[in-house]
Amino acid sequence: MKLDLGKAFAIQPVPSASGPRAIEDDKFPFEALSKIAESESWRKEIHRPLSHIHKWWAQRLGSVFRAIALGALAPKGANVMDLFYSRARFPEATVFDPFMGSGTTIIESLKLGARVIGRDINPVAFFLVRNAVAAHSRAEVLSTFEAIERDVASKLQSLYLAQLPDGSQVPVLYYFWVKQVACPACDTAVDLFSSYVFAQNAYPRKFPQAQAVCPLCGHINCVRFDATEAVCKRCDRLFNPSIGPARGQKARCPACFREFSILKRVREQDTPPAHRLYAKLVLLQDGRKQYLAADDFDRALFESACHELADRVDAFPIVRITPGYNTNQALNYNYRQWHEFFNARQLLCLSLLAERIRAIPQPALRELFACLFSGTLEFNNMFASYKGEGTGAVRHMFSHHILKPERMPLEANLWGTPKSSGSFSTMFETRILRALDYAENPFELKLTGVGPATTRKVFGCADPIGYECADNFAKFQRGKRVYLSCGDSSATDLTADSVDVVLTDPPFFDNVHYSQLADFFHVWQRHILGEGGCRARVTTRETGEVQHSEGDVFRARLSAVWAECHRVLKDDGLLAFTYHHSRAEGWRCILQALMDAGFGIVAVHPIKAEMSVAMPKRQTKEPIDLDIIAVCRKLKTLSRRMWNGDLTGNVRALASGQIERLRASGRSLSRNDVRIIVMAHLLEQLSRSPTTHAALASLDAHAEETERVISALHGANHRKPVSPRTPR
């Protein structure tokens, strides 16, 4: 259902010099905005498709950044919630994001009529944002896809066929594979099944039927998802579907019963583990799906793909994987080059598709379809797995934010069918066409009930998105609306005092290095589009990356970027960014980096963060559901003061007030949620200290007392949340 509430609403382009902004007001409506963000977070790719045109990590919520941009540009006293659903415009304002990532700041600021500058050190991020904001003709995009479909679809689909007993052929939706390692005692190939149940519903207690492969004859049997006994329908043998040869880091050989370390055995070899094809899911002519055991026809079809791939020249990129925190897991399994993440049939299909995309004559369309191709890689490799029925079938390879070798990988039909998940054709509809729809007619979400699903789309709040981007600041100054660049944000070509607002989400101080993961896409983008410009280097890794696992390195590099932001920001401008961290060192680094660069914090607000169903969040004991919005001004415009050390009177009181507001809106908080609110208010107090040294010394001196405050506030937070008050 759509709701048109767009108003012809105009405000001053930029508040008067050094005037306070709406986001500096303690009445900033973070609890109401968090409810909108919560709703968006469940289907970010649907509610903000432009910033999800391609994979990026830790993608922030568009509704949050729309609210921050509004609050940073509108004068204090403006009603942010009214502005949120209006046609508020800031045509003379310039917003800069030095860590643009997936482009959330860029897109949301463009929707507000601002001029935008985006920069990222990673060429994959730069590539996806440039495609997201570019102007595309729907007719040309559709005709290009149809031409690709005519030229390669039938060939790709012929590689995903199954033969039924009556001789007819039907499409295969998914092939199921299992990794194998040789037993060190008897050399038997051991299947690394942790369970012989390989397919079940996403809600198994409601829909308990599952599929299990017989370990003796390979027949596919219907069983309960939690069954511990089953009799194979073909060989009549009794087996336990819930227990396979692989248990944790070890496996037991079914032939000689020798138990051995899986990783140790793999590392004794020179190549990645072998895979065995054991099952498939086919699409019958009447539209039903059926699980079947793999047969000789399937194996022969795969073998023919292997031979055809061997005859192709320059079929795929051959690039070594560089060691790193996020690549070492793959390297430990003997994956040495990026193409080894795919089997031969996947490489053949990708080769044919890449060759066709490379032949698109128009550069903008060639880049857009290369972007679609690159996004398809995430779901079509031997690190992907099966999510099951009742949900999107393919669990993409980055669901854990690491390169985790999959013991039971899923091979999807790469071109796809109308009932496929993660295929080139279906992602054209769900990513490219959906992004075009949004670009032509952007919308906001408006809550219409209590639950996150009860929303309506509000159209008319923004103009269509589609721009020719400047490739240097001089061209931007001559009138372009958008300037995007790839490089280290500690050194830009922006002139001093040229930016009104710096709005960003900086990299975290942690062990997830985006560049190590982004290389998976980068090597294919170079393969299709060439090795010029920002694709000149074989890797996206750069020595100047801010993201780092060592605190001192992270702090120094972040400070260098903040210093550049200080140079280009007007004296009355704001730096606003989102941040959270569970470790004290992460907060210490932020405080030092800001103060060393000449910034002090003037306001902090908690806000809903990230996707509610993100895998890393679900696996965390104390998940962080909130970000802190930190609002900063140049220290030279602020009065310095030494904090009096009163955690109870200052920090605790301020944090408690925000916690109570969140509780009153129906939100419960983890201990780490409470931590980020307390730490943010503490940093706000300390950041105006006479010196950075004094601020850090005070932070360290109050570490134990800060923990006691966090514990006390978290304990109070465990009371039953009060119901939101009904307006009179």
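Pairwise over distinct Cα atoms, reciprocal of the mean inverse distance: report the Kirkwood radius of the stretch 319-371 in Å, one decimal place. Mind showing how you got there, number by number?
Numbers: mean 1/r = 0.0768 Å⁻¹.
The Cα-based Kirkwood calculation yields 13.0 Å.
Taken over the Cα atoms of the stretch 36-120, the convex hull encloses 94 Å³ per residue. Net length available on complete extension from residue 640 to residue 332 is 105.7 nm, with 0.36 nm assigned per residue and the Cα-Cα distance removed.
Given a Förster distance of 60 Å, report the FRET efficiency between residue 229 and residue 146 from their Cβ-Cβ distance, rounded to the nearest 0.05. My answer for the efficiency is 0.70.
What number results when the radius of gyration of the stretch 377-486, computed over Cα atoms, is divided by 2.2 N^0.38 Å? Mind dumping the intermediate values first?
Numbers: Rg = 19.5 Å, N = 110, 2.2 N^0.38 = 13.1 Å.
Normalised Cα radius of gyration, the stretch 377-486: 1.48.
Pairs over the 23 Å Cα-Cα cut-off, from the set 44/608; 55/179; 155/387; 44/480; 250/280: 55/179; 155/387; 44/480; 250/280.
Please report, in debye to the nearest 20, how large the charge dipole of the stretch 351-399 is about its Cα centre when each Lys and Arg carries +1 at its beta carbon and each Asp and Glu carries -1 there.
Taking the Cα centre of the stretch 351-399 as origin, the dipole is about 60 debye.
Where the convex hull is taken over the Cα atoms of the stretch 199-277, what is its projected area averaged over directions, in nm²?
Values: hull surface 26.1 nm².
Convex hull of Cα atoms, orientation-averaged projection: 6.5 nm².
Here the dipole of the chain is about 1500 debye; that uses its Cα centre as origin and unit charges on the Cβ of Lys and Arg (positive) and Asp and Glu (negative). Sorted ascending by nearby beta carbons within 10 Å, beginning with the fewest, 632, 469 become 469, 632.
Determine the gain in length on full extension of the stretch residue 303-residue 664; use 0.36 nm per residue of separation and subtract their C-alpha separation, reporting nm with one decimal. Could you put the intermediate results ahead of the total?
Working: separation 361, 0.36 × 361 = 129.96 nm, distance 6.20 nm.
In short, 123.8 nm is gained.
Loop-located GluC sites (Glu not before Pro) in the stretch 231-321 (DSSP state not H, G, I, E or B) with no more than 12 neighbouring Cβ atoms inside 10 Å: 268.
Taking other C-beta atoms within 10 Å as the exposure proxy, 693, 527, 401 rank 693, 401, 527 from fewest upward. For the chain, find the longest principal axis of its Cα atoms and tell me its angle to the long axis of helix 363-377, 0 to 90°, nearest 10. Taking the Cα atoms of the chain, the angle to 363-377 is about 60 degrees. Isolated cysteines of the chain, defined as having no other cysteine beta carbon under 4.7 Å away, are 222, 306, 349, 371, 461, 469, 565, 589, 632.
The Cα center of the stretch 316-376 and the Cα center of the stretch 535-595 differ in position by 30 Å. Rounded to the nearest 20 debye, the dipole magnitude of the stretch 534-588 is 200 debye, with +1 charges on Lys and Arg beta carbons, -1 on Asp and Glu beta carbons, and the Cα centre as origin.
Please report, in whole Å³, the volume per residue of the convex hull around the C-alpha atoms of the stretch 284-326.
Working: hull volume 8.5 nm³, N = 43.
Per residue, the Cα convex hull of the stretch 284-326 comes to 198 Å³.
So how tilted is helix 344-358 from the main axis of the chain? Cα-based, degrees 0 to 90, rounded to 10. Helix 344-358 sits at roughly 50 degrees to that axis. So which trypsin sites (Lys or Arg not before Pro) in the stretch 201-291 are both in a DSSP loop and have at most 10 other Cβ atoms within 10 Å of their Cβ? Answer in residue order: 205, 206, 288.
What's the local net charge at residue 396, with K and R +1, D and E -1, over the other residues with C-beta under 15 Å away? List each step's numbers first, then the result.
Values: positive: 44, 55, 387, 395, 404, 431; negative: 45, 378, 406, 411.
Cβ neighbours under 15 Å give a net charge of +2.
Which of the chymotrypsin sites (Phe, Trp or Tyr not before Pro) across the stretch 183-270 are loop residues per DSSP, with 16 or fewer other Cβ within 10 Å?
Working: sites: 193, 196, 198, 225, 239, 257, 260; in loops: 193, 196, 225, 257.
Sites meeting the loop and neighbour criteria: 257.
Other residues whose C-beta falls under 11 angstrom from the C-beta of residue 569 contribute a net charge of -1, scoring Lys and Arg +1 and Asp and Glu -1.
Residue 358 to residue 274: extension gain in nm, 0.36 nm per residue of separation minus the Cα-Cα distance? Before the final figure, lay out the partial values.
Numbers: separation 84, 0.36 × 84 = 30.24 nm, distance 3.18 nm.
My answer for the length gained is 27.1 nm.
Structural size metrics of the chain, computed from C-alpha coordinates, are Rg and Dmax of 27.1, 84 Å. Here each label is just a point 7 Å from Cα along the line to Cβ, and for residue 703 and residue 258 those points are 4.9 nm apart. Look at the Cα gyration tensor of the stretch 554-611: its axes a ≥ b ≥ c give a/c of at least 1.5 with a/b at or below b/c, and that counts as oblate. Computed from Cα atoms, the angle from the helix 514-529 axis to the main principal axis of the chain rounds to 70 degrees.
Backbone N atoms of the stretch 115-144 closer than 20 Å to the 7 Å Cα→Cβ label point of residue 457 belong to residues 132-139, 141-142. Here 386, 203 are placed in order of increasing Cβ neighbour count within 10 Å, fewest first, which gives 203, 386. Pick out, from 464, 593, 78, the residue whose Cα sits farthest towards the positive end of the charge dipole of the chain, with +1 on the Cβ of Lys and Arg and -1 on the Cβ of Asp and Glu. Result: 78. Computed over Cα pairs, the Kirkwood radius of the stretch 522-660 leads via Stokes-Einstein (0.692 mPa s, 37 °C) to a diffusion coefficient of 182 µm² per second.
Given only helices, namely DSSP H runs of n ≥ 4 each adding -39500 (n - 2.57), what is the per-residue ellipticity at 222 nm of the chain, to the nearest 500 deg cm²/dmol?
On the way: 24 runs with 246 residues, N = 728.
-10000 deg cm²/dmol, from helical runs alone.
Return the percentage of antiparallel bridges among DSSP beta bridges fully within the chain, rounded to the nearest 5 %. Intermediate results must be reported in sequence, preceding the final value.
Numbers: 60 of 81 bridges.
Close to 75 percent.
A short reminder: the numbers here are calculations on the coordinates, not readings from a lab. Note that the coordinates shown come from a computational prediction; the quantities given were computed from them, not determined experimentally. Positions of Cβ are generated from backbone atoms using ideal geometry, with glycine treated the same way; all protein chains shown enter the neighbour counts.
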